[in-house]
Amino acid sequence: MENPQPLSSDLLYRRFDPAQLPFETTEELEDGLEIIGQQRAIDSIRFGIGIDHRGYNLFALGPNGIGRRTTVRRFLNQRAASESTPDDWCYVFNFDQPHKPHALRLPPGKANEFRADMKNLAEELITVLPATFAGDEYQLQKRALEEELRGTQTEVFEKLREEAKAHNIALIQTPGGFAFAPLKEGGEVITPDEFMRLDQEAQKKIETEVGQLQESLQRIMEQMPNLHREMQKRLRELDERVVEFTVTPLLDELRAKYETLEPIINYIDAVQKDIIQNFDAFMQDDEAAGRQLIGAALGIASAERRVSLSRYEVNVVVDNGQTTGAPVVFLDQPRYQNLVGRIEHVAQMGALVTDFTLIKSGALHEANGGYLLIDALKLLSEPFAWDALKQALRKEEISIESMGQVYSMISTVSLEPAPIPLDVKVILIGERLLYYLLSSHDPEFNELFKVSADFEEDMDRDPDSALAYARVVAEVARTEKLRPFRRDAVGRVIEQGSRMAEDAHKLSTHMQSLTDILREADYWAGEAGRVVVTRDDVQQALDTQRYRSGRVADRIQESIIRGQVFIDTSGAVAGQVNGLSVYTMGSHSFGRPSRITARVRMGDGKVVDIEREVDMGGPIHSKGVLILSGFLGQRYAADKPLSLSATLVFEQSYGGIEGDSASSAELYALLSALSQVPIKQSFAVTGSVNQRGQIQPIGGVNEKIEGFFDVCRARGLTGEQGVLIPSANVDNLMLREDIVEAVANDRFKIYPVSTVDEGLSILTGIPAGDFDESGQYPPDSVNGRVITRLAEFAEKQRAFNEPSRAEVTESNDDENGDADNVSEEDEQPSAE
């Protein structure tokens, strides 16, 4: 088996030839924002917003910064512009059930117009009605009725006075009411002394006649309230006729204006009826208003309870008068009240009160008839919001409820506004994990969100995609008012796109990171006094990004160089290898080497992962270690016991370890310890391994190589140092320029390996060894030495076990002999 050759420098970084771009600067490219690499998501979005059936709402899933919101909004804006503008909605007073306001649907722009008309009507009635009641015509009719009442009263009392006079009795009106007094012959009232001097018969006669007159007076007084009520009724009828005569022309104007809108006509009819019944609301004088104002300030309820003129207002909750096409609404804070609306309360005389004018709309109202975008994570983080959205979509109506009332948290006056029919397309934007969790655990989710738009994180790198990348750069430069980018700068951005995608044949579609690079490159171009952005400006932007985020990486490297963290880059040690790991700090990732050691001894075939034993190893890392036992058993002890115990550990590791990318390094250390063949410490290793000994690809290969290279460069490159990576990761290489240059100058090496045996040969300098014709490994090979060492362990274990078996056999023989003697004695005849 031949050892793999180190990679040439041209395989470490796939350069882009700027000559492939048909421009000198991006200023030459046409406008038109590109959506790169998202054809699957675009097709899903088009389908989701195009299909008009229940439950076909959309979930845009993918990582943050990939352009989900921008892409969705662009397509929504394009489609919404060609759609019809939805109607307005307003709430009006319900004169039959005040706690259940009516919802009126009006053509776009009509709600505000109707509100203004009703406001003008109320203001006009405040002026017109008092003037009408103060007019001569009304006053004449009112006085005529009042005089008729007084005439009736006078006539009744005159009849009673004449009847009393016929009996020589006078009807006298006093401050305390009416009284009767007997008269003399001359018409004068008899004094009490004169009455007492009359004989008994005369007194009795007078008393009888007065009693009869008192009864007549009592009957008359009993009829007075009825007369007053009748008069009040007739006055009320007069007032209502006057009011109706006054308001009908005003309301007829509104009827004529809104004759095609039946809901408004019905409402105007109800308004007319209520105005006639409650015209007193328009008659309040300044004195009464002052009394109510003082009473409210002192917390004293006024005895004069008047109907509030606010009942004739119109509460516009949706106004699409200025909207062109269907609305597109993005809800940034999807709280319950912001989503479905709310009912506000005001403090009045120590109590919280409300009315229909305090109903406020939510995002569902604003997006009704159009499209609503919501951040899924924020929505699920807000109490009651997710359930409220599902209920609205399921029932296809918006119901505004006070959570305080629903959950009995407050006890106050509230409303039950009429639900508004809902016709909206909801687009949720979130991470993939969130989508899959909802799909698995919420049975209603798949019924309401039947379309998913899955955004890609990368796309193929080819001439077409490179030109699309250039158009994106041009559009961002125009939108952000950046300097034009020279084509060599665009080429460097394309190369960085491959690095971000961790694949030399792919380009990242993470638009947020790309835009950040363009902004920062423009800044450095300005610092250098250039009018266009060059490749050097892009490179400086990338270098400074790494520098700003590199404090932790620099501190770790410093501790290695100072010998505080033990990492060897020269010499050879058995059972020790340099593994590679990746650390992620925020948006910055970097690699660093770690010393992995293995120790072996005679045992029962168990490989102990120390990280796992102390709960510092994750499940994937533990799985990788267990795979090593399977590999060892299959290769070296398929037909005999594996007489081995081994321990593996990441030295100087004080945090958790996860992932299986170090399993090949752990296996190399283990085989080195078994074979007692030292491993060259000038190499570092990454890659996972399966039970067949194949090296599998891993992530973060660029960062891992760069982390070990930095250590080697700080100590001095010798040409013997290098890194072993899985062969499958060669296409992922997009290394820094200094590493490419070092490899080109034969000062650093990168080996692609496909099997454990290839790695062993490179690390030890000794062939790993293949099976010969007899099925044995060559004795001097690494595998042969492993077999020999395991055989020694097995022989020693057998030697340790043989004395124990001999003792057990001798003990059994003694026990059997005693048993035979006892048996013989028992068989002898008795002396008796």
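The values are calculated or read from the model by the stated rules, or taken from the named source; none is laboratory data. Since the structure is predicted, the reported quantities are computational estimates derived from the model, not experimental observations. Methodologically, a virtual Cβ is constructed for each residue, glycine included, from the backbone with ideal geometry; neighbour enumeration extends over all protein chains shown. Ligands, DNA and RNA are stripped out before the accessible areas are found, and what is left, the full protein with its side chains, is counted by its heavy atoms. Shrake-Rupley method; radii C 1.70, N 1.55, O 1.52, S 1.80 Å.
The three principal axes of the Cα atoms in segment 642-730 give end-to-end lengths of 42, 29, 26 Å, sorted in falling order.
Under the rule a/c < 1.5 gives rounded, and otherwise a/b versus b/c splits prolate from oblate, where does segment 315-402 land using the Cα gyration tensor? The shape class here is oblate.
Between Arg394 and Glu416, what is the FRET efficiency for a Förster distance of 22 Å, r being their Cβ-Cβ separation, to the nearest 0.05?
Taking R0 as 22 Å, the efficiency between Arg394 and Glu416 is 0.65.
Maximal additional length on extending the Leu183-Glu456 stretch stands at 86.5 nm, based on 0.36 nm per residue less the C-alpha distance.
Using heavy atoms of the protein chains and a probe of 1.4 Å, the accessible area assigned to Val582 is about 60 Å².
Our Cα-only numbers for segment 429-542 put the radius of gyration and Dmax at 18.0, 60 Å. The Cα trace of the chain gives Rg and Dmax of 49.5, 177 Å, the first to one decimal, the second as a whole number.
The H on the amide N of Ile750, modeled in the peptide plane, is under 5 Å from the matching H of Leu7, Val723, each at least 5 residues off or on a different chain.
Note on Glu215: accessible area approximately 110 square angstrom, rounded to 10, probe 1.4 Å, nucleic acids and ligands left out. Across segment 664-676, computed HN-Hα scalar couplings (Karplus, 6.51 cos²θ - 1.76 cosθ + 1.60, θ = phi - 60°) run 5, 4, 4, 5, 4, 4, 5, 5, 5, 5, 5, 7, 6 Hz from first to last residue, x flagging Gly and Pro.
How large a share of the accessible area of segment 609-691, in percent, is made up of carbon and sulfur atoms when the probe is 1.4 Å and the other protein chains stay in place?
52
Bin width 10 Å, origin at 0, all Cα-Cα pairs of segment 102-194: what percent of pairs per bin? The distribution over segment 102-194 is 12, 20, 15, 13, 12, 10, 9, 6, 2, 0, given as percents. Volume per residue of the convex hull around the Cα atoms, evaluated for segment 545-691, comes out as 112 Å³.
Computed 3J(HN,Hα) for segment 444-457, one whole-Hz value per residue from the Karplus formula 6.51 cos²θ - 1.76 cosθ + 1.60 where θ = phi - 60°, is 7, 4, 5, 7, 9, 10, 8, 10, 10, 10, 8, 8, 6, 8, glycine and proline marked x.
Using only helices, what value at 222 nm comes out for the chain when you add -39,500 (n - 2.57) per DSSP H run of length 4 or more and divide by the total residues, to the nearest 500 deg cm²/dmol?
Taking each H run of at least 4 residues, the total per residue is -16000 deg cm²/dmol.
Calculated on the Cα set of segment 1-150, radius of gyration then Dmax: 35.5, 132 Å.
Given q = 0.19, 0.26, 0.30 Å⁻¹, what are the Debye log10 I(q)/I(0) values for segment 169-227, with equal point scatterers placed on the Cα positions and solvent ignored? For the requested q values the scattering log ratios are -0.76, -1.15, -1.30. Shape index of segment 39-93: Rg/Rh, with Rg the Cα radius of gyration and Rh the Kirkwood radius from the inverse mean 1/r over Cα pairs, equals 1.10.
For Lys680, the lysines whose Cα comes closer than 23 Å to its Cα, not counting residues fewer than 8 places off in the same chain, are Lys704, Lys749. Nearest 10 degrees, 0 to 90: what angle lies between the long axis of helix 487-501 and the longest principal axis of the chain (Cα atoms)? Compared with the principal axis, the helix lies near 90 degrees. The long axis of helix 39-50 is offset from the longest Cα principal axis of the chain by roughly 20 degrees. Given 4 °C and 1.567 mPa s, compute D for segment 629-683 with the Stokes-Einstein relation, Rh being the Kirkwood radius over Cα pairs; round to the nearest whole µm²/s. The estimated diffusion coefficient comes to 99 µm²/s. For the pair Asp738 and Arg74, the difference between a 0.36 nm per residue extended length and the Cα-Cα distance amounts to 234.9 nm. Each Cα pair under 8 Å and six or more residues apart adds its separation to the average, and for the chain the resulting relative contact order is 15 percent. Site pair Gln20 and Gln212 shows an inter-label distance of 13.1 nm when each label is modelled 7 Å from Cα along Cα→Cβ. Heavy-atom accessible area, probed at 1.4 angstrom with all protein chains present, ranks Leu125, Leu352 as Leu352, Leu125, highest first. Taking K and R as +1 and D and E as -1, what net charge do the other residues with C-beta under 12 Å from the C-beta of Leu140 add up to? Here the charged neighbours net out to -2. Residues Ser381, Ser9, ordered by accessible area of protein heavy atoms at a 1.4 angstrom probe radius and largest first, appear as Ser381, Ser9. Rounded to the nearest 0.05, what FRET efficiency do Ala166 and Gln139 have when you use their Cβ-Cβ distance and R0 = 60 Å? Taking R0 as 60 Å, the efficiency between Ala166 and Gln139 is 0.90. Computing FRET efficiency as 1/(1 + (r/R0)^6) for Glu527 and Ala728, where r is the C-beta to C-beta distance and R0 is 45 Å, gives about 0.60. Sequence-ordered 3J(HN,Hα) estimates for segment 311-320 from the Karplus curve with 6.51, -1.76 and 1.60 and θ = phi - 60° stand at 5, 9, 7, 10, 9, 7, 9, 9, 10, 9 Hz, glycine and proline given as x. For segment 191-268, the Kirkwood estimate of hydrodynamic radius, built from reciprocal distances between every pair of different alpha carbons, is 18.2 Å.
Under 12 Å of direct C-alpha separation, and excluding same-chain neighbours fewer than eight residues apart, Lys506 reaches these aspartates and glutamates: Glu456, Glu457, Asp458, Asp460, Asp462, Glu495, Asp731. When the inverse distances between all different Cα atoms of segment 671-790 are averaged and flipped, the Kirkwood radius reads 15.4 angstrom. Between Val689 and Ser663, Ser664, Gln696, the built amide H atoms are under 5 Å apart, and every one of these is 5 or more places off in sequence or on another chain. Here the simple spin-label model places points 7 Å from the Cα toward Cβ, and for Glu444 and Lys273 these points are separated by 3.8 nm.
For the chain, DSSP calls about 60 percent of its internal beta bridges antiparallel. Count Lys and Arg as plus one, Asp and Glu as minus one, and take only other residues whose Cβ is under 15 Å from that of Arg432; the net charge is then -4.
With 0.36 nm allotted per residue and the present C-alpha distance subtracted, the Ala714-Ala637 stretch has 23.4 nm of extension available.
Could you compute the net charge surrounding Gly321? Neighbours are other residues with a C-beta less than 12 Å from the C-beta of Gly321; K and R count +1, D and E count -1. Summing Lys and Arg as +1 and Asp and Glu as -1 gives -2.
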